[in-house]
1. Between Ala238 and Ser84, with labels modelled 7 Å along Cα→Cβ, what's the label distance in nm to one decimal, could you check?
2. Subtracting the Cα-Cα distance from 0.36 nm times the residue separation, let me have the gained length for Tyr251 to Asp206 in nm, one decimal.
3. Connecting C-alpha atoms closer than 10 Å in a GNM of the chain, tell me which of Lys367, Lys292, Lys62 has the biggest fluctuation.
4. Calculate, for Met309 and Ile152, the FRET efficiency according to 1/(1 + (r/R0)^6) with r their C-beta to C-beta distance and R0 41 Å; round to the nearest 0.05.
5. Taking a probe of 1.4 Å, how large is the accessible area per residue of the stretch 318-362, in Å²?
6. Summarise the long-distance tail of P(r) for the stretch 199-283 by giving the % of C-alpha pairs beyond 18 Å.
7. Only helical DSSP H runs with n ≥ 4 go in: add -39500 (n - 2.57) per run for the chain, normalise by residue count and round the 222 nm mean residue ellipticity to 500 deg cm²/dmol.
8. Full extension from Ser276 to Leu187: what is 0.36 nm times the residue separation minus their Cα-Cα distance, to one decimal in nm?
Amino acid sequence: MSKKFYIKSLGCKVNRAEADDFAAYLLENGWEFSSSEEADLILINTCTVTHTAEKKTRKAVKSLCTTNKKAKIILTGCSCVIHSDFYKSLDSRIEIISKKDLDVGCASILANEKFRTRASIKIQDGCDNACTYCIVHVARGKSVSLDKKFIINRFNELSDSGVKEVVLTGVNLGAYNDLCGLLTELLHSDTRIRLSSIEPQNLTDDIIDLIADSDGKICRHLHLPLQSGSSRILKKMARHYNADEYLSLVYKLREKIPTIALSTDIIVGFPGEDSSDFKQSFDLCNKCGFMKIHVFPYSVRVGTPAAIMPNQIPEDIKQKRAKNLRELSKNLAIKDFNARKGSSELVLVESKEVSRTESYHTIASPKASKPGELISVIL
Ligand code: SF4
């Protein structure tokens, strides 16, 4: 009688890629998917990037422990590393395993219908930076690059099994040893590559040129976290660039790859952020012409330098700034999409309803298209 498992993944693309890996490994070894109530094994990939994420994680763990009284409960991910005592105290069945123990995986099954139309491969973990607001680098440790051969084999398995788009993920993807070399080796197949996110200081000229010359084989969409438009605040965040350097990078990208689409992350209400700092963030986002801004009201993470900085911003001011920036994000998304009207792009059909363009906009799926197909569409 095959054993049953249930997976709950919270947080980022890296967590999702790891959850996919683990599911593939179990399916490869005779396990089967199941509901959380019937599962013999429950895996929860936890997240603590913000206070809200931590609350969601704790709620999910408690609820799964309650709905299923027999299953073995495995926790992995950032939150259970930072708050291990809390989770172990919740239920004696809980076992916490590290990332290294989790990195198993077998790709072929990733292509089966139950998974995503877009598969992801985690190529890197950990981070050597120490942004003052961030707890992730504490939870995940130093940067490690997964074996290149292993990644290429996995990519080829996915491509051979019909996957049309693969997302390369990592906690700090750009810190992968020889990312340009890896991308060059992956360009031979029909499967297109999307980079999940890359730190501005890691976006080198050779990577930009490779994307420019790949004719869309590497998606001309980059998620480039800015975090703030104020150089004063960027310094307090211990980011590795200032506002002018970031803007120069964006201008260089738009010159070398005219159809490039850019998205970003912005933290509003970082300790000490005054209205002029916020205005600089707003104006720089406008100048960069992002197609999407992910807005995060600053969230205190205990154990980080920013958590004990003076001039913590009141919640109502954070929410007001977040609302303003989300409004801007909506307007910029429309502006970016309208600028692409009449041009053709390869879109990945994610479902009968929704498809994703190369530039990362969502559109209605073309008639009679099937999930997983890559179709050329006039926007
Ligand atoms: S780059 Fe900064 S924000 Fe990102 S994981 Fe590393 S320390 Fe955290």
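1. 2.2 nm
2. Details: separation 45, 0.36 × 45 = 16.20 nm, distance 1.61 nm.
Residue separation times 0.36 nm, minus the Cα-Cα distance, leaves 14.6 nm.
3. Greatest mean-square fluctuation among the candidates belongs to Lys367.
4. After rounding to 0.05, the efficiency reads 0.40.
5. Numbers: 2460 Å² over 45 residues.
With the other protein chains kept in place, the stretch 318-362 gives 55 Å² per residue.
6. On the way: 1555 of 3570 pairs.
Summing the P(r) tail past 18 Å for the stretch 199-283 gives 44 percent.
7. Values: 13 runs with 144 residues, N = 379.
Value at 222 nm, helices only: -11500 deg cm²/dmol.
8. Result for the pair: 27.6 nm of gain on full extension.
The values are calculated or read from the model by the stated rules, or taken from the named source; none is laboratory data. All values derive from a computational prediction rather than experimental measurement. In this analysis, Cβ positions are derived from the backbone assuming ideal geometry, glycine residues included, and neighbour counts consider all displayed protein chains. Side chains are part of the model used for accessible areas, which takes the heavy atoms of the whole protein and leaves out ligands, DNA and RNA. Shrake-Rupley method; radii C 1.70, N 1.55, O 1.52, S 1.80 Å.
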